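Scroll down for the structure; my scribbles are underneath it.
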Amino acid sequence: MTSRLNRRGFLTAVPCAVAVTALAPGTAGASTGTADMELVVLAAQLDPVKADTGITTGAGASVRLVETALADLGYLARQYVDGHFGTSTRSAYARWQAHLGYTGLAANGLPGRTSLTTLASGRFQVTRLITPGARTTYQGFPFNARTVAMLHEAERLAGRRFVVEQGSYSPGNDPTSAGTHDGGGAVDIDAEALTTAQRTAVVTALRRVGFAAWLRSPSQGQWPWHFHAIAVNDTDLSTPAQDQVGDYYLGRNGLADNGPDNGPKVPKVTWEGYLRATA
């Protein structure tokens, strides 16, 4: 990461698009192809919830490199080397993570920085590396540094300080959350005292910085008015949270009924994409 003043005069962290070539000893120059980690991780969230084998825009070539490596190592059947990071690829990647010694949320099939660069060793290059950053707290709730930075920027855009009701890394904390808060990148924010216009402004701000975000109402479940948000491309996401990101990109509400998204229409971006666009 580098830091520089963006056009608004704020010092921001800008992800460096530095290629990392991880080669096995004695195989210098053996890598072929380049995998964009941002696109691979995005596809790993979007593709499993699709009804078909559609390929996430721009991600096909990168995903095929990952799938080819998994197939070469015996984790994925060759028939699934197709650029679609579906459930078979996610399961194969989880087996690769388990082989590396990861367990629990660290072995749920969503590519992380270390597991992906290790898989790439001697096979391909990896660009646009992403990481959730260190564990931290915000308003007394557990988060990672990436999510907190996103929340601060969304607060700035919305013109108000959020009141957090539930953070990340909270397995079993709230059964109504269906596991979405078990990993990183998840947050619930109070919305009860806000007007309709204020609620729209908050959801818009959350979406602008890279959250899959919705306004939740009492009529949708056993909960008060609140905002539910999942940080797109957070590599610590639980599987249910990953699937909610996919729902968001498919125009759904992220609930069990797969209803339509009734939130504000905002271009869908990742945090890293937002930083690049506003630098």
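The values are calculated or read from the model by the stated rules, or taken from the named source; none is laboratory data. Computed from a predicted structure; not experimentally measured. Because the Cβ atoms are built from the backbone with ideal geometry, glycine has one as well, and the counts that use them run over all protein chains shown.
Scanning the stretch 98-115 for residues that are over 13 Å from the mean Cα position of the chain (by Cα), surrounded by fewer than 17 Cβ atoms within 10 Å (Cβ to Cβ) and not aliphatic (A, V, I, L, M) yields a total of 6.
The rows are residues; the columns are (1) in the same structural domain as Tyr274 (by TED's automatic domain parsing); (2) of a type outside the set (A, V, I, L, M); (3) touching a residue at least 12 places away in the same chain (Cβ under 8 Å); (4) farther than 22 Å from Glu153 by Cβ.
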site	(1), (2), (3), (4)
Ala231	yes, no, yes, no
Thr235	yes, yes, yes, no
Val245	yes, no, yes, no
Ala256	yes, no, yes, yes
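Across the stretch 217-249, the qualifying residues are those that are among the β-branched types (Val, Ile, Thr) and closer than 19 Å to Pro175 by Cα, and the one among them that is surrounded by the fewest Cβ atoms within 10 Å (Cβ to Cβ) is Thr239. Any residue at all in the stretch 20-33 that is at pLDDT below 95, buried (at least 16 other Cβ atoms within 10 Å of the Cβ) and among the β-branched types (Val, Ile, Thr)? The answer is yes; a qualifying residue exists.
Taken over the stretch 262-279, residues that are within 22 Å of Gln222 (Cβ to Cβ) and in contact with a helix residue (DSSP H, G or I) (Cβ under 7 Å, 6 or more places away or on another chain) amount to 1. Checked against the criterion of being of a type outside the set (Asp, Glu) and touching a Ser or Thr at 6+ places or on another chain (Cβ under 8 Å), the candidates Gln242, Gln198, Gln166, Gln220 yield just one match: Gln166.
Here the condition is being surrounded by 18 or more Cβ atoms within 10 Å (Cβ to Cβ) and either among the aromatic types (Phe, Trp, Tyr) or not in a helix (DSSP H, G or I) (or both); of Leu76, Leu65, it holds for Leu76 alone.
Restricted to the stretch 144-263, the set of helices (runs of 4 or more DSSP H) holding at least 3 residues that are over 17 Å from the mean Cα position of the chain (by Cα) and closer than 27 Å to Ala279 by Cα comprises 145-158, 196-208.
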